[in-house]
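FYI, it's all coordinate maths here, none of it is from the lab. In this text, all values refer to a predicted model and were calculated from it rather than measured experimentally. Methodologically, a virtual Cβ is constructed for each residue, glycine included, from the backbone with ideal geometry; neighbour enumeration extends over all protein chains shown.
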Amino acid sequence: MKPQSSAHLSQEALNDLLIGLGSSASQAHLEQCASCREQVESFRCGMDAFNSASLAWSEAGAGKSLPRRSQARHAFFAPLAWTLATATLLLIGIPTWRHEHRAPQSLVAAQRVAPQSESSGVSDAEIAEDNDLLRAVDAALRTDQPSPLRNQRPRESHTHRKVRLESRSL
Amino acid sequence: MNAIATDIFDFDAKPIGAIESGSTERSRPISEMDDIDALVKIHRARLLRFVLYSTGDADLAETVAQETLLKAYNSRASFRGESSVKTWLTGIAINTIRDHLRSNRYRFWRQVRSTAIDVQEMSSFIAADGLNPEGLLLAREQVKHIAQALEKLSRNQKTVFLMKFSEEMTVAEISEILAMPVKTVRTHLHRALKSVRSQLGGRP
């Protein structure tokens, strides 16, 4: 009886089978020998796993390379983008800064103007004068002296009478 | 000259000329070559993987994959459809790798050290569909072992191994693309298989 190891396919025969150059005798042995079949299957399963994983990894790498290209494009446009951003910042920032630093001056100016307008426009003397005038007018209106025209009926003119007659006839 | 010892990407090697003469495999529709987007979509990841594991350099793989696709698209008129697009592209990729090695030899080797493949990361990309946690773990271990075994192979062994077991080319196709005798291809494959299978825990 042959030893167990010699009953199996040699390494060269197994490799030939894997390469696709196996003899028909080797192929026949493989169909009957579970141990040799396991050797072949183990390699094929390992290669299947390796191929699928490495391809998936490469595809992921291929996906990463697109951003790389866009990164290159980004690198090209980056200085332009930064320049535009800086210009925008300056355009907005400088007027804002100036406005903010001018604001207290305007307030000071306004504060300077405000007392003048208050003192000239709403002085107590003028208010007193106005009140005196209003009181005088009021007193004049309350007087009992009748007006010369109070009891005198106005005379109707010819034109007024004519208009009244015409309106009646309608 | 010992053909096995000759590096496929040898600096003095002539460009592979057997690419366009093709193989026995019928090509894909010619229209695929007329659309750069389709070309990229169908072949980029596969090319990237091939170059990545052939050279061990992720950055170089990106460059070579892009150049290969661009060269293929620009010279699509010379593609007669006698071989598959995949085979044709692989041949162009091999020539492109050789060009890069010739021009950037030292820089390339520096890059190899700095941008080597992250085996741990790559093995995490395995699909968990239909696998229980134990099976997934086992598959990841197998992926790691194969990747580590590939790193130990010579460049020729690695390239031939990938062409056979990842690109699923026949020995005749590999022989034709690499302008290498079938016997030499077979020897490379045997040596590579021995190394990879032992790493996978195969029977000694």
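With 10 angstrom as the radius, rank B:HIS188, A:HIS29, A:HIS99 by how many other C-beta atoms surround their C-beta, starting from the fewest. Walk me through the numbers on the way to the answer.
On the way: B:HIS188 26, A:HIS29 19, A:HIS99 10.
Going from least to most buried by this count: A:HIS99, A:HIS29, B:HIS188.
Beyond 19 Å between alpha-carbons counts as too far, so tell me which of B:LYS158/B:LYS194; B:LYS158/B:LYS183; B:LYS144/B:LYS194; B:LYS41/B:LYS86; B:LYS41/B:LYS152; B:LYS86/B:LYS194 fall in that bin.
Working: B:LYS158/B:LYS194 12 Å; B:LYS158/B:LYS183 16 Å; B:LYS144/B:LYS194 17 Å; B:LYS41/B:LYS86 13 Å; B:LYS41/B:LYS152 31 Å; B:LYS86/B:LYS194 27 Å.
Correct reply: B:LYS41/B:LYS152; B:LYS86/B:LYS194.
When B:THR184, B:THR90 are ordered from fewest to most other Cβ atoms inside 10 Å of their Cβ, what list results?
B:THR184, B:THR90
With unit charges on the beta carbon (Lys/Arg positive, Asp/Glu negative), name the residue among B:PHE161, B:GLN199, B:LEU136 whose Cα is farthest towards the positive pole of the charge dipole of region B:133-204.
Going by the charge dipole, the pick is B:GLN199.
In what sequence do B:TYR53, B:TYR73 fall when counting other Cβ within 10 Å, fewest first?
The most exposed by this proxy come first: B:TYR73, B:TYR53.
Quantify how strongly other chains surround peptide A:38-48 by giving the mean number of their Cβ atoms within 10 Å of each of its Cβ atoms.
5
Report the extension gain between A:ARG37 and A:ILE94 in nm, rounded to one decimal, defined as 0.36 nm multiplied by the number of residues separating them, less their alpha carbon distance.
Numbers: separation 57, 0.36 × 57 = 20.52 nm, distance 8.03 nm.
Using 0.36 nm per residue and subtracting the Cα-Cα distance, I get 12.5 nm.
Report the FRET efficiency, 1/(1 + (r/R0)^6), for B:ASP35 and B:LEU138, where r is their Cβ-Cβ distance and R0 is 45 Å, rounded to 0.05.
Values: r = 40 Å, r/R0 = 0.89.
That pair, B:ASP35 with B:LEU138, gives E of 0.65.
Which residues does the label zone of B:ASP129 cover in region A:21-63, counting backbone N under 16 Å from a point 7 Å along Cα→Cβ?
A:48-57, A:59-60
I want to check the label-to-label distance for B:SER78 and A:LEU21. Put each point 7 Å from Cα in the C-beta direction and report it in nm to one decimal.
Reported label-point gap for B:SER78 and A:LEU21 is 3.0 nm.
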